[in-house]
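Read through the structure below, which is laid out as C-alpha cells, and then see the notes.
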Amino acid sequence: MKINSARQAWHDCNYNPAPGQTSDAAELGVVVQKTERGPTANPAIHGALAGHIQSAIARLQFQLRAFGNAMYAAEPSDDDQEEAEEAVFNLACSWVERMTASKRERAEYVAKGVFRRYRYMHQGGQSSNPDPLIKPEVFRAWMKEEYEVELPSAAWGRDWAPFVQLCFDACHDIDARALSSIGGVINKMKEAA
C-alpha cells in the first residue's frame, strides 16, 4: 500500500490482495504467470499500514465516517451515502436563517444532488473532474429527471444558487474534517519511518 494521500489511503485500506496475486487475479480467480518474483512481505506491510488507517476511520464521528466512506471507500454502502447526504443537508441548513417547509423539502434533494456532484468532481481523490451540472438549467433538468423535483428558474440566483453554494461548502467542510485525522495518522507513520 503506497500512501500518497489521505483519500487514496481511505480507498486502499480495505483492499487485501492475496499473497502473490494482483488485484485482477484475485478478482478473476486465476493466477497469470508473470516474470516477477513470487510472494513477498508486501501483503503483511499492506495489512499493517491499512490497520492504522482503518483504526483512524473507525474513531471518526459517525457522519464523518459515513461521508468519507461514501466518497472514498472501495465499496461504499447505500447507508453511507444516505448519511453523507443528510450530513450535507443538515450542515447547509444550519447556515440558513429560515426556510419555508416547501423549500426545505426541495432543499433536501438539492443537497443530495450537490453531494453527488461533489463526489463526481473528487472521484478517486484526484479532484480533477469538472462539475457536469454547473449550469443552473442543466442542474434543474437533472433534478427533475433524477428526483422528480422541480426547481423554478425564476429568481434562481436569489432562491437556490446560495443554497447550492452552501451545500458545496458543507461538502468541503465535512470532507476536510473527515480527512484531517487520516492525514494526521499518515504524518505520524511517515515520521516514524
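Each value in this text was obtained by applying a stated rule to the coordinates, not by laboratory testing. Bear in mind that the values here come from a model prediction, so they are computed numbers and not experimental data. All Cβ positions, even for glycine, are placed from backbone atoms using ideal geometry, and neighbour counts span all protein chains on display.
Extension gain, residue 176-residue 99: 0.36 nm per intervening residue step, less the Cα-Cα distance, totals 25.0 nm.
Computing FRET efficiency as 1/(1 + (r/R0)^6) for residue 54 and residue 165, where r is the C-beta to C-beta distance and R0 is 22 Å, gives about 0.05. Dipole orientation for segment 135-184: of the candidates 180, 160, 138, 180 has the Cα lying most toward the positive pole (charges on Cβ; Lys, Arg +1; Asp, Glu -1).
Listing 112, 188, 103 from fewest to most neighbouring C-beta atoms within 10 Å gives 188, 103, 112.
Exposure proxy shown here: for 65, 98, the number of other Cβ atoms within 10 Å sets the order, fewest to most, as 98, 65.
A straight line joining the Cα centroids of segment 148-176 and segment 46-87 runs 25 Å. In a DSSP loop and with at most 11 other Cβ atoms within 10 Å, the GluC sites (Glu not before Pro) in segment 58-146 are 97. Placing R0 at 30 angstrom, the Cβ-Cβ distance between residue 134 and residue 191 gives a FRET efficiency of 0.15 after rounding to 0.05.
Among 53, 134, a tally of other beta-carbon atoms within 10 Å of each Cβ gives an order, fewest to most, of 134, 53.
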